[in-house]
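Values quoted throughout were computed directly from the atomic coordinates according to the rules given, and no laboratory measurement underlies them. Model, not experiment: these values are computed from the prediction. Every residue, glycine among them, receives a Cβ derived from its backbone with ideal geometry; neighbour counts consider all protein chains shown.
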Amino acid sequence: MIKLNNKLIVLGASVVASTVLFTNCFAATTSADKSKVNPAAAGVYSPIKNALDGGVTYKRANGTYAAYRYNTQATKGVNFGRTPTAAELKAWDTDIMPDGTGLPEGAGTPSDGEALYDKDCAVCHGEFGAGGKGYPTLTGGSVASLKNQRTCPGKDAPNRTIGSYWPQVSTLIWYIRDAMPYAHPKSYSPDQMYAVTAYLLAQSEIKIDGKKMDDDFVLDKKSIMKIVMPNRNGFYPNIDGAKGVENVRAFFKNPKNFGAVGTRCMKNCPKESVAKIVNEITAVVPAYSVVRDLPKEDASKGGAVSEGQKLYDASCAVCHKTDAMGAPPVGDKNAWAKVTAKGMDKVNHNAINGVGGMPPKGGAMDLTDAQMSEIVNYMVESSK
């Protein structure tokens, strides 16, 4: 579903980008006196109340989309590519669905998954999935916590973890297959996928046939289909099935379903249409901080010892920490000897302007040339 939604969003964006030409920012026939505007003329809004969220979309007519003009030239002869072959579609259509479609053949145990998790996952998600710096907590929590509202000091926030929040186990193994481990995704075999999935399910105390999974439980294509996640029916509206779109449309027609009150409005809104914070939390211990200064670093506690290292950690380590991304890893003497053989001027030039699969400045375009040189110097000196 997520992939499908993203595809539709990208498709919609590409259609707009290819058709809307802002030759005139606003149509010439718009007028302050709307009574004089020809409804069929350019610049007239023609709203259609068919948006999923209860809002409106607009018709394209007479060379205009709402107040904007678009290109009406014929597209005959434009090459939109070819129809994909059945094999190409099969290679692309690799979703793993709740009904078991797409599940690979293979098997793994929580015990096998623990070894993989400790090696590849704990650095980000913490031991046992209990949470890491900047990355989501995977285990713990409860379905009951999802009803928590931060309406008073000391109230716990909802704990959205695999066991408490995710409605389908297929999403977990699918995500592991396509996006994990972080440094080299899609590298797990089916057995490894099942093993890590089994470990995370066991840590989340997910039951199969009413029993918790022990270390030697074998998770495979058959047994995974027996899992009913605790929050299976916790999402609404129901987006599955033939009526999914209509369910969403009906849900958004009632603003009260998503916290709004009154009726939709864009101007001169009545008081009852404006949402306000009813219980603002101010007595928080410790108090909310508005300080924006970075904390002072202590080198004795592993803090960064140079500006180059700080910049490297923030912008470059994801590719240069290991050789999994095809980049020379920091600390690899032989790899960097080949890089620097061309001379430091060339190394700096490539870092700033890009080389091979690396984009200019590694994609961190907010870095200055001088900062890139500091990063390069740090990586080279750390690899001697």
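Could you calculate, for region 107-226, the ratio of the Cα radius of gyration to the Kirkwood radius, expressed as Rg to Rh? Could the numbers behind the result be given before it?
Numbers: Rg = 14.7 Å, Rh = 14.8 Å.
Result for region 107-226 is an Rg/Rh of 0.99.
Using the average count of surrounding beta-carbon atoms within 10 Å as a protection proxy, the listed peptides 160-170, 83-93, 342-352 rank, highest first, as 160-170, 342-352, 83-93.
Close amide H contacts of L103 (hydrogens built in the peptide plane, cut-off under 5 Å, sequence separation of 5 or more or a different chain): M97. Debye-formula intensities of region 304-381, expressed as log10 I(q)/I(0) at q = 0.12 Å⁻¹, are -0.27 (one equal scatterer per alpha-carbon, no solvent). Measuring against 27 Å, Cα to Cα, the residue pairs K207/K321; K155/K226; K186/K212; K321/K384 contain K207/K321; K155/K226; K186/K212 as the ones spanning a longer distance. Highest mean packing first, where packing is the average number of other Cβ atoms within 10 Å per residue, the peptides 236-246, 368-378 line up as 368-378, 236-246. Here's the picture: a label point sits 7 Å out from the Cα of T85 along the beta-carbon direction, and within region 95-115 nothing has its amide nitrogen under 16 Å of it.
Around the amide H of S383, modelled in the peptide plane, lie the amide H atoms of G331, all under 5 Å away and 5 or more residues distant in sequence or on another chain. Once backbone amide H atoms are built at 1.01 Å from N, T64 has Y70 as its partners under 5 Å, excluding neighbours fewer than 5 places away on the same chain.
From the alpha carbon centroid of region 83-102 to that of region 56-77 is 34 Å.
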